[in-house]
Amino acid sequence: MNAGGRRDFDRRTPLDWLALWILFSTWCSLSGWGLSCLGLLDRAGYLGSLLLFFAAILWRRADLRAASARPLFLFRRSTYRRLLPGLWLATALMALAGGLLYHPDNYDYLTYRFPRLLNWAWVHHWYWIDTPNDRQNFSATGMEWLMAPLFILFQTDRLFFLINVISYGLLPGLVFSTLRGLGIGGRIAWWWMWILPSGFCFALQAGGMGNDLFSVVYLLAAFHYLFRAAREKSPGALALSLLALALLTGTKATNLPLAAVWLAVGWRQRKSLRPAVQPAPLLAAAVAGAFVSFLPVALLNIHFTGDYTGDPGNKYGMKLSSPVAGLIGNSLEIAAGNLAPPVWTHELDWPSFQPALKTFLGPGYPRFRINQEAFQIEETAGIGLGVALFLLLGVACGVAARFRKSAGPRPIPVAGAWLIFAALAVASLTYLAKMGSEAAPRLFAPYYVAVIMALLVLAPSDGTVTHRRLWQGIGYLAVLMVLPLLLLNPSRPLLPTALVNRAFTLAHLPNSALSQLDQAYWVRAQRFDNLAALRRQIPASETAIGFMGGGDDPAVSPWLPFGSKKVVDVAPDDTAARLQNQNIHYVLVSDAVLTIRYKVRVEDLEKKWSMTLAAQSNLIFKTHRGFNVWYLLRSN
C-alpha cells in the first residue's frame with residue numbers, strides 16, 4: 001500500500017474483467033437512457049458514447065487492476081484435468097456452440113424484449129409503444145440496453161448470446177469468491193463453484209437469451225465487491241457493489257427483494273466497511289445506480305399507467321390477491337420443476353390432481369400451471385434435480401456434523417448466519433406471496449443462489465465431507481445431468497434431430513411421446529421466423545406493415561430483414577385513412593386475436609380497410625396452444 005492507501009499493483013497484474021463488465025453494463029443502461037433523451041439512439045450516438053467509455057477506462061485503468069494476478073474467470077490449464085472443471089468447460093463450450101449455430105428463440109425475447117428494442121431503434125429513442133403487448137413498455141430494461149449497442153452497431157441479433165456466454169464464464173469464480181467471503185470452507189466452495197453453474201436454468205440460458213443467468217452474475221458481483229471493500233477498505237469496490245445491486249434490480253423487478261440479503265451481509269461486515277464509506281464515490285455510485293436500476297421504468301410506469309408495475313388492472317394476472325395461494329402455488333410449481341428429470345418422455349402429463357389444485361387456488365393464483373414439457377427448457381427450467389439433491393445432501397451433512405457425538409471440532413454457523421437466513425426468508429416469502437407465474441421455477445433463479453448461500457452458512461460442513469463417495473457421486477451426477485439437455489435442447493440441438501428420433505424409436509418410447517418430441521423440435525426450428533411464409537409475399541419496397549397479434553405472439557419475424565421496414569400494431573377500430581397515412585398496405589392478422597378478442601371476422605376487416613385476403617397460413621408457436629390461422633391482407 002502507498003501513503004494514500006491505494007494498492008500498488010504490479011504492471012503485469014491484469015484488468016479486473018468483472019469490474020469492466022459491471023461498468024460496461026452500467027454504461028449500456030446510462031447511454032441507452034441518455035441517448036434516448038437526445039434522440040441519438042443510433043449508430044453515430046453509440047460510437048460517440050463508446051469512445052467516451054473506452055477513453056474513461058484507459059484514463060482510470062490503474063483503478064481497474066484485479067486483486068490478484070489471475071482473473072475470476074481464468075483458471076490454470078491443470079485445473080481442467082480434474083473431472084468437475086472439465087465437465088463445466090464442456091458445458092460452456094456446448095452452450096457457446098449452440099449460441100453460434102442458432103438464432104435465439106426464447107419466447108419472452110421474441111414477444112416483447114427484442115420487438116421493443118426494434119421499435120426504439122427505428123425512431124432513435126425510447127418511447128411508450130402503442131401495443132396490446134404492454135410488457136414492451138412496463139418491463140425492466142436491463143438486458144435490452146445491453147442488446148442495444150450490439151444490434152444498432154451491427155444490425156444483427158446473432159451477437160446477443162455473448163451476453164449470457166460471458167456471464168456463464170464469470171459464474172464459477174464468482175461462486176467461489178462469494179462463498180469464501182461468507183466464511184465457507186475452501187473445499188466446499190470449490191465443489192459448489194462447478195456444480196451451481198450446472199443448474200438447468202443457468203446452463204440452458206448460457207447460449208440463449210433468457211435474462212435470469214446474467215442477473216445472477218450481478219447478484220454475486222454485489223457480494224464479491226462487498227467482501228472486497230471490507231477486506232481492502234476500498235471505496236471503489238463498495239461503489240462497484242452498489243452498481244451491481246442496482247443492475248440486478250434493473251434486470252427484473254422481481255429481484256428487488258434480494259436487496260434485503262445484500263443489506264444483511266453488509267450489516268455483518270459493517271465495521272470493516274466503515275473505512276470504505278467515502279462520500280464522493282458513494283454518491284457517484286448512488287446516482288448512477290438510480291438510473292441503471294428499476295427506478296426509471298417504475299417512474300415511467302407511474303406516469304403512463306398510475307402504477308409502478310405498469311399493470312394496474314393486473315391484466316397479466318401476475319400480481320396475486322391471496323398471499324396464501326401464492327405461497328402454495330409457487331411452492332408447488334418450484335418443487336415440481338426441480339424434481340423433474342432433464343428428459344422425461346414416457347409420461348408427460350402430471351397426475352389428474354393439477355386441475356383440482358387450480359380450482360382450489362382459484363382467482364388467488366390465476367396463472368397456476370405445472371409445466372409438462374418433454375425436455376427441461378430455458379423458459380421454465382429451475383435449478384434442476386441434481387443441484388437440488390446436492391444442496392439437500394450438503395445441508396444434511398452440515399446438520400449431522402453439528403450434532404455429532406464424536407470427538408473433534410464441530411463446524412459452527414458463520415457469524416451473522418441467522419441474520420442472513422432471516423433476510424433470505426423475508427425476500428423469498430415476499431416473492432412467493434406477491435408474484436404468480438407458471439414460470440416460477442425459472443423466475444426464482446437468483447433466489448436459488450441466495451438460498452444456497454444462506455443454508456451453507458447456517459449449516460456448514462467441514463472439508464472432510466468432500467472425500468465421501470456419496471458427496472462426490474451426487475456432485476458428478478448433478479453436472480452430468482445437464483449435458484444431455486444441451487445436446488437435445490429443442491432450441492439449439494447439437495445432435496441431428498433425425499438421429500435423436502431414431503434413438504428414441506429404438507428405445508421403444510410410446511408413439512404419443514415420439515409425436516410430442518417431433519413437434520417440440522419442429523416448433524422450435526421455425527419459431528424465430530415464424531411468419532416467413534407470409535412475410536415473403538410482402539414486396540421489399542414496403543416501409544411499414546401492420547401487425548395484429550396478441551400479447552403473447554412472437555413479433556420479430558415481420559421486422560426481417562432488420563432495418564428494412566417498421567412494424568406497426570393495428571386494431572380493428574383503426575380506420576383505412578390511418579393505415580394509409582402510415583403507408584401500411586399489408587397487414588398480418590391472427591385469427592385467434594381477431595375472433596376471440598375483438599369478435600370480428602376477417603371479411604369485416606377487408607371491407608372496412610378496402611383490403612383483400614392475399615394469403616393465409618396455419619401456424620403454431622407453442623405446442624400446448626396448438627395451431628392458429630394467420631392472414632395476410634393487402635390493400636386494393
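Candidates in region 584-636 are the residues that are part of a loop (DSSP other than H, G, I, E, B) and in contact (Cβ under 8 Å) with a residue 60 or more places away in the chain; of these, the one that is farthest from Val568 (Cα to Cα) is Lys622.
For beta carbons closer than 6 Å, sequence separation of 6+ or different chains, a first residue in region 347-373 that is assigned by TED's automatic domain parsing to the domain that holds Glu438 and farther than 24 Å from Pro323 by Cβ and a second that is modelled with pLDDT under 80 and among the aliphatic types (A, V, I, L, M), the qualifying pairs are Leu348/Ala374; Gln372/Leu348.
Check region 325-339 and report whether any residue there is modelled with pLDDT of 90 or more and touching a Lys or Arg at 6+ places or on another chain (Cβ under 7 Å). Looking for residues that are modelled with pLDDT of 90 or more and touching a Lys or Arg at 6+ places or on another chain (Cβ under 7 Å), one finds at least one in region 325-339, hence yes. Contact map, region 19-46: residues that are more than 19 Å from Gln155 (Cα to Cα) paired with residues that are assigned to a helix (DSSP H, G or I) and of a type outside the set (A, V, I, L, M, F, W, C), Cβ distance under 6 Å, separation 6+ or inter-chain. No pairs are found.
Taking the criterion of being at pLDDT 80 or above, in a helix (DSSP H, G or I) and either surrounded by 11 or more Cβ atoms within 10 Å (Cβ to Cβ) or not aliphatic (A, V, I, L, M) (or both), the residues of region 57-88 that qualify are Ile57, Trp59, Arg81, Leu83, Leu84, Pro85, Gly86, Leu87, Trp88. Within region 451-464, the residues that satisfy the criterion of being crowded, with 23+ Cβ neighbours inside 10 Å and hydrophobic (A, V, I, L, M, F, W, C) are Ile452, Met453, Ala454, Leu456, Val457.
Apart from one condition, Gly173 fits all of (1) surrounded by 24 or more Cβ atoms within 10 Å (Cβ to Cβ); (2) more than 29 Å from Asn301 (Cα to Cα); the exception is (1). Only one of Ile166, Ile152, Ile195 is farther than 26 Å from Lys271 by Cβ, surrounded by fewer than 24 Cβ atoms within 10 Å (Cβ to Cβ), under 20 Å from the mean Cα position of the chain (by Cα) and β-branched (Val, Ile, Thr); which? Result of the check over Ile166, Ile152, Ile195: Ile166. Selection over region 465-508 of residues that are more than 24 Å from Cys397 (Cα to Cα), within 25 Å of the chain's Cα centre (by Cα) and either polar (S, T, N, Q) or surrounded by 19 or more Cβ atoms within 10 Å (Cβ to Cβ) (or both) gives a count of 9.
Applying a threshold of 7 Å to beta carbon distances and a minimum spacing of six or more residues, or different chains, the list of pairs starting in region 89-113 at a residue that is surrounded by 22 or more Cβ atoms within 10 Å (Cβ to Cβ) and ending at one that is among the hydroxyl-bearing types (Ser, Thr, Tyr) and in a helix (DSSP H, G or I) reads Thr91/Ser198; Ala95/Tyr168.
Within region 533-546, the set of residues being surrounded by 15 or more Cβ atoms within 10 Å (Cβ to Cβ), in contact with a Ser or Thr (Cβ under 9 Å, 6 or more places away or on another chain) and hydrophobic (A, V, I, L, M, F, W, C) comprises Ala533, Leu534. Among the residues here, Leu220 qualifies as closer than 25 Å to Ala439 by Cα and either touching a residue at least 60 places away in the same chain (Cβ under 8 Å) or over 25 Å from the mean Cα position of the chain (by Cα) (or both).
Candidates in region 229-286 are the residues that are in a loop (DSSP other than H, G, I, E, B) and not hydroxyl-bearing (Ser, Thr, Tyr); of these, the one that is farthest from Met453 (Cα to Cα) is Gln278.
Which ones in region 252-298 are modelled with pLDDT under 95, of a type in the set (Ser, Thr, Tyr) and within 17 Å of Val216 (Cα to Cα)? Across region 252-298, the qualifying residue is only Thr254. Here region 455-498 is the region considered, the condition is being in a loop (DSSP other than H, G, I, E, B) and among the hydrophobic types (A, V, I, L, M, F, W, C), and the residue that is modelled with the lowest pLDDT is Ala459.
The values are calculated or read from the model by the stated rules, or taken from the named source; none is laboratory data. This one's a predicted model, so the numbers in the text were calculated from it and none came from an experiment. FYI the Cβ positions are ideal-geometry reconstructions off the backbone, even for glycines, and counts take in every protein chain you see.
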